[in-house]
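**Student:** The structure is given below, and queries will be raised subsequently.
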Amino acid sequence: MSDRVYIFDTTLRDGEQSPGATMNLEEKVSLARQLEALGVDIIEAGFPAASQGDFEAVQAIAASVKDIQVAALCRALTKDIDRGWEAIKNAAHPRIHTFLATSEIHMAHKLRKTREEVLVMAEAAVKHAVSLCPNVEFSAEDASRSDWEFLAKVCERVIRAGAKTVNIPDTVGYAQPFEFGELIAYLLRNVPNAGDAVFSVHCHNDLGLAVANSLSAIRAGARQAEVTLCGIGERAGNASLEELVMALHTRHELYKVDCGVKTQQLYPSCRRLSQIIGQPIPPYKAIVGPNAFAHESGIHQDGVLKNPLTYEIMTPESVGRKGTDMVIGKHSGSHAIKAKLIELGYQLNEQQLGVVFGAVKELADKKERVFDEDVEALVLEMVYRRRDKYRLKDMSVFSGTGGVPPHAAMVMEILDGEEVADFKRATSFGEGPVDALFRCIGKIVGYNPSLDRFQINAVTGGTDAQATVTVRIGHNGKMSVGRGTNEDILVASAMAFINALNRLEKMREENEECPTL
Ligand code: KIV
Ligand code: ZN
């Protein structure tokens, strides 16, 4: 058996299904490029039949990455597979990923199909996919709750039809590690043509076992793991890429398998995701959380100072965590800024470089030291959010302890593509300065979403640090997260609220008819 495990990243598809993790096209392309730099083998770019927006994003990603495979998810339907293929056919290494449920509960209640009908449908879908693209993956949705014998039959049929990868998902996070490993071993023993395909696993984290189940499956012979950065995904999420990779790496003597991930790119990749989706990495998140390498107790600190291996099973450097570099000052030239952007993994064109250069210089004039985090926040704001519908133009806020209630005035740009279509202004009183600002925004856009979460973090240390504000808003049953970064916390608050509104707007525009099957 091969000792190479393929890492299939589904942050852009299953991960994006995580509440509040919607990304726009530019953000998706930027993350896809980072995943390429990270060294994953396959990225699942999206579900092209789900919406026009998804289709365009998958197409753009397919055109942007060259060294890795790009997969499109499709139901086991000819129209989905055709649409998926249309989106990825120009990729350097395309893969069609088609899926159909195989558990009794899904077949009886969701599909309303018999076992025989499911077998025929799965085989037909794979044959059609193979007629378009030689690289086809089939997933047996809810495999972990399927009858093992029937599942083996499905695997045999789809491999015979030409599937090169057979994925065994624990769709509802129900499996236990020893049992899931046994299932993989059973399939490898009982599917007669198992040797003609790579067996893959895709685990959800409902019982907190997604990584453990994936590792158990690898130990039993699975050779592809489907994962997401920071474990984001439906409900409790998917198996976390960085945890799985570091477990394989740190306990290599146990698993005896390798993957192509460059572990030093793990932290930059998770940080990029966190910036894009506007959600901070949780403090206790293994490998990449702020506390993951922080030693608080005196005994631990003493031990680590004497020899880091006393309390560290891996080094922060091995996952790409280095001290924050001070990089740019007000005398830095365009070459230094360009070099820094390349080091941070951004490939910008000349026009984008010009915009970022201007913004970095402006910040360096106000702030003594500009850190990597500052530069990243500016790139996201100035490049990847440029085509958003709403943008902050000007604002002023009055607050204090006097008798006049806090109030704000604001001007916003309403964009059509990159063109300014209109300027709108509003003024409002509020309970506090943030409330006054958010009321102005509500007046301008014509509705008032609920504010469900509001959080401020300093991007770096120092009293002149930029602040990142994260908000979660809701409207008409839809929820959205937004993030804004600025030296002024009130400006950052307005930017975060506007960012969340832009994401809501995008959801509304695409108004995806949730596909059913
Ligand atoms: O969880 C799941 O079963 C999936 C499949 C579509 C692979 O996401
Ligand atoms: Zn899934």
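The values are calculated or read from the model by the stated rules, or taken from the named source; none is laboratory data. A quick note: this is a predicted structure, and the numbers were derived from the prediction, not measured. Quick reminder, even Gly has a Cβ in these numbers, built from the backbone with ideal geometry, and neighbours come from all protein chains shown. Remember, those area values only see protein heavy atoms, side chains included, never the ligands or the DNA or RNA. Shrake-Rupley method; radii C 1.70, N 1.55, O 1.52, S 1.80 Å.
**Student:** Of all the residues that make up the stretch 121-140, how many are outside any loop (DSSP other than H, G, I, E, B) and open to solvent by less than 10 Å² (accessible area, probe 1.4 Å)?
**Tutor:** Just the residues of the stretch 121-140 that are outside any loop (DSSP other than H, G, I, E, B), to begin with: 121-132, 136-140.
From what is left, the residues that are open to solvent by less than 10 Å² (accessible area, probe 1.4 Å) are 122, 125-126, 129, 136-140.
So the count comes out to 9.
**Student:** How many residues are in contact with a His (Cβ under 8 Å, 6 or more places away or on another chain) and either farther than 23 Å from Asp196 by Cα or not assigned by TED's automatic domain parsing to the domain that holds Ala71 (or both) when one looks only at the stretch 214-238?
**Tutor:** Selection size over the stretch 214-238: 6.
**Student:** All but one of (1) more than 16 Å from ligand 2 (Cβ to nearest atom); (2) aliphatic (A, V, I, L, M); (3) modelled with pLDDT of 95 or more; (4) out of contact with any Leu (no Cβ under 7 Å at 6 or more places or on another chain) hold for Ala72, so report the exception by its number.
**Tutor:** (1)
**Student:** Here's a check for you: in the stretch 289-310, which residue that is closer than 26 Å to Ser274 by Cβ and out of contact with any Ser or Thr (no Cβ under 9 Å at 6 or more places or on another chain) is least open to solvent (accessible area, probe 1.4 Å)?
**Tutor:** Residue satisfying both the conditions and the ranking: Gly289.
**Student:** Still on this structure: With the condition being within 12 Å of ligand 1 (Cβ to nearest atom) and over 26 Å from Pro280 (Cα atoms), I'd like the strands (runs of 3 or more DSSP E) fully within the stretch 146-250 carrying at least 3 qualifying residues.
**Tutor:** Numbers: elements: 165-170, 198-203, 224-227.
Passing ranges, in order: 165-170.
**Student:** Would you please list the contacts, defined by Cβ atoms under 6 Å and residues six or more apart or on different chains, that run from a residue in the stretch 117-146 that is under 17 Å from Val198 (Cα atoms) and not assigned by TED's automatic domain parsing to the domain that holds Leu209 to a residue that is part of a helix (DSSP H, G or I) and modelled with pLDDT of 95 or more?
**Tutor:** none
**Student:** Just to check your reading of the model, which residue among Val227, Val201 is farther than 26 Å from Gly278 by Cα and either within 12 Å of ligand 2 (Cβ to nearest atom) or in contact (Cβ under 8 Å) with a residue 60 or more places away in the chain (or both)? It would help to see each step written out before you state the result.
**Tutor:** Values: Val227 fails: farther than 26 Å from Gly278 by Cα.
After ruling out the rest, the residue left standing is Val201.
**Student:** Select from the stretch 383-411 the residues that are of a type in the set (Gly, Ala, Ser) and more than 27 Å from Glu505 (Cβ to Cβ) and list them in ascending order.
**Tutor:** Let us first name the residues in the stretch 383-411 that are of a type in the set (Gly, Ala, Ser), namely 396, 399-400, 402-403, 408-409.
Those that are of a type in the set (Gly, Ala, Ser) and more than 27 Å from Glu505 (Cβ to Cβ): Ser399, Gly400, Gly402, Gly403.
**Student:** Can I ask one more? Just to be sure before I move on: is Ala143 more than 12 Å from ligand 1 (Cβ to nearest atom) and closer than 23 Å to Leu119 by Cβ in the structure I sent? Spell out how you get there, then give the answer.
**Tutor:** Numbers: more than 12 Å from ligand 1 (Cβ to nearest atom): no; closer than 23 Å to Leu119 by Cβ: yes.
Criteria not met by Ala143.
**Student:** Restricting to the stretch 230-254, name every residue that is away from ligand 2 (no atom under 16 Å from the Cβ) and of a type outside the set (Lys, Arg). Give the derivation first.
**Tutor:** If we filter the stretch 230-254 for residues that are away from ligand 2 (no atom under 16 Å from the Cβ), which is where we start, we get 242-243, 245-254.
Once the filter is applied, which keeps residues that are away from ligand 2 (no atom under 16 Å from the Cβ) and of a type outside the set (Lys, Arg), the stretch 230-254 yields Glu242, Glu243, Val245, Met246, Ala247, Leu248, His249, Thr250, His252, Glu253, Leu254.
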